[in-house]
Ligand SMILES: [Zn+2]
């Protein structure tokens with residue numbers, strides 16, 4: 001017995017997160033629906049999409065930490081990581097300066 005889901009407004013069907021995670025199905029993934037007598041067969045297309053923007057057109061896709069990401073989104077992620085690192089370093093320096101002032105008192 002599999003998962004039971006109700007058809008939502010406009011015919012939408014949600015795939016349980018457990019299955020999406022296990023099968024690496026992300027937003028934008030192409031799902032092929034094949035109607036057969038008494039059942040529907042869902043299969044995941046071989047087309048790949050960026051995990052963030054769900055796009056696969058005109059964008060170069062790369063693997064990053066096991067996920068598929070377009071270079072445009074990867075640059076945004078890396079820029080944010082660099083910015084966060086700078087904030088951490090600034091806060092760390094401020095904490096050190098504050099501790100030094102406290103020690104002098
Ligand atoms: Zn992207």
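The numbers here are math on the coordinates, done by the rules we state, and not lab data. Everything quoted here is computed from the prediction, not taken from an experiment. Heads up, the Cβs are rebuilt from the backbone with ideal geometry, glycines too, and the neighbour counts pull from every protein chain shown.
The calculated 222 nm mean residue ellipticity attributable to helices in the chain amounts to -13500 deg cm²/dmol, summing -39500 (n - 2.57) over DSSP H runs of n ≥ 4 and dividing by all residues.
Model label sites at residue 12 and residue 65, defined 7 Å from Cα along the beta-carbon direction, differ in position by 2.7 nm. Taking other C-beta atoms within 10 angstrom as a stand-in for reagent exposure, 42, 74 fall in the order 42, 74, fewest first. Pairing the Cα long axis of helix 71-104 with the longest principal axis of the chain, what angle in degrees results, from 0 to 90 and rounded to the nearest 10? Approximately 30 degrees, to the nearest 10.
With neighbours defined as other Cβ atoms within 10 Å of a residue's Cβ, the residues 30, 8 order from fewest to most as 8, 30. Among 88, 46, sorting on how many other beta-carbon atoms sit within 10 Å of each Cβ, with the fewest leading, yields 46, 88. The stretch between residue 97 and residue 36 holds 15.0 nm of extra length on full extension. This uses 0.36 nm per residue minus the Cα-Cα distance. Size descriptors for the chain, from the alpha-carbon set: Rg then Dmax equal 22.8, 83 Å.
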